[in-house]
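Take a look at the structure set out below.
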């Protein structure tokens, strides 16, 4: 992923990716974040209770909680609407 | 609903690719015309090394035409590179996969946010080339109207073709500018909608 994303778009990517348990390293790799920024975003989502950290077979994993659903649903609705009823461009 | 969304998204992504290709064609034709128009005038300099003052405008024309066109191609190539990644992912998306569709939408918005200045520069370059070529067409039209080249001579027919070519490339440059302008209006609107969405999402996140 290249380009300038908003923090909400990054949160959406992290929370969507973490529907299945993921390591910190795989999250920052998948979401194209550096360690510092990744830690800030993941820390924020953990603090709010949208991500839960747990241990499994010696691995430190993160998983999206049910509390994140209102955010994910609202994001889905708003972004699909951009191309559903929004202005279109064609040559 | 998702099918419509995916179709709209595909149409827009493909249109943007067409827009970049139009710019490549414009840039290539600009190089061709700057060479075709200026090189014959500075031929004595190239062949015999003899310099005359009246060659200066044509030398400048060739250099400026080249510089603008190379800049135009470079901007287009940079945009094409980032855009191709989105096109590749879009081709693999299933109409039922909302998350993948939203992922492409997020990538497209991020691409536009990052490349807004380059896209606007493309529009400006198209306008500069269009206006510049229209200006160079004026003396050509004057020469034809004044019958400086007697009709029937090969040089007169060639002059007509050069004039038509100049007008065609000028039109292409101005057309590219107008579609880039339409594109930026649509995407600016989308970015403003995402800004509003951000406020709502912030309220949800903060509970």
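Computed from the coordinates by the stated procedures, all read-outs in this text should not be read as laboratory data. Keep in mind that what you see is a predicted model, and the values were worked out from it rather than measured. Cβ atoms come from the backbone with ideal geometry, glycine included; neighbour counts cover every protein chain shown.
Restricting to region B:68-92, name every residue that is touching a residue at least 60 places away in the same chain (Cβ under 8 Å) and under 16 Å from residue B:13 (Cα atoms).
Hits for region B:68-92 are B:80, B:83, B:86, B:87, B:90.
Taking the condition of being out of contact with any strand residue (DSSP E or B) (no Cβ under 7 Å at 6 or more places or on another chain) and under 16 Å from residue A:61 (Cα atoms), how many residues in region A:5-23 meet it?
Count: 4.
Yes/no per residue for (1) within 7 Å of another protein chain (Cβ to nearest Cβ); (2) exposed (fewer than 14 other Cβ atoms within 10 Å of the Cβ); (3) at negative phi; (4) in a strand (DSSP E or B):
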| residue | (1), (2), (3), (4) |
| --- | --- |
| A:4 | yes, yes, yes, no |
| A:19 | no, yes, yes, no |
| A:27 | no, no, yes, no |
| A:32 | no, no, no, no |
| A:42 | no, no, yes, no |
| A:49 | no, yes, no, no |
| A:54 | no, yes, yes, yes |
| A:61 | no, no, yes, yes |
| A:75 | yes, no, yes, no |
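Select from region B:82-101 the residues that are away from every other protein chain (no Cβ under 14 Å) and outside any helix (DSSP H, G or I) and write down the one among them that is farthest from the chain's Cα centre (by Cα).
Ranking the qualifying residues of region B:82-101, first place goes to B:94.
Quick check on this structure: which one of B:79, B:122 is touching a helix residue (DSSP H, G or I) at 6+ places or on another chain (Cβ under 9 Å), more than 20 Å from residue A:75 (Cβ to Cβ), within 14 Å of another protein chain (Cβ to nearest Cβ) and buried (at least 20 other Cβ atoms within 10 Å of the Cβ)?
On the way: B:122 fails: within 14 Å of another protein chain (Cβ to nearest Cβ).
Going through B:79, B:122 in turn, the sole match is B:79.
Of everything in region B:4-38, what is more than 10 Å from chain A (Cβ to nearest Cβ) and farther than 20 Å from residue B:81 by Cβ? Give them in sequence order.
B:29, B:30, B:31, B:32, B:33, B:34, B:35, B:36, B:37, B:38, listed by residue number.
For region B:19-76, how many residues are outside any helix (DSSP H, G or I) and either under 19 Å from the mean Cα position of the chain (by Cα) or crowded, with 19+ Cβ neighbours inside 10 Å (or both)?
Number satisfying all stated conditions: 0.
Can you tell me which of (1) more than 30 Å from residue A:31 (Cβ to Cβ); (2) more than 12 Å from every other protein chain (Cβ to nearest Cβ); (3) outside any loop (DSSP other than H, G, I, E, B) is the one residue B:180 doesn't meet?
With (1) more than 30 Å from residue A:31 (Cβ to Cβ); (2) more than 12 Å from every other protein chain (Cβ to nearest Cβ); (3) outside any loop (DSSP other than H, G, I, E, B) applied to residue B:180, the lone miss is (2).
Kindly list, by first and then second residue, each pair from a residue in region B:21-48 that is farther than 17 Å from residue B:70 by Cβ to a residue that is surrounded by fewer than 19 Cβ atoms within 10 Å (Cβ to Cβ), limited to pairs with Cβ atoms under 6 Å and residues at least 6 apart or on different chains.
B:41/B:58; B:42/B:55; B:42/B:58; B:42/B:59; B:44/B:50; B:45/B:51; B:45/B:55
Does region B:128-151 include one or more residues that are closer than 30 Å to residue A:11 by Cα and away from every other protein chain (no Cβ under 11 Å)?
The answer is no; no qualifying residue exists.
With respect to the numbered conditions (1) under 17 Å from residue B:109 (Cβ atoms); (2) touching a helix residue (DSSP H, G or I) at 6+ places or on another chain (Cβ under 7 Å), which one is the sole condition not fulfilled by residue A:48?
Status for residue A:48: all satisfied but (1).
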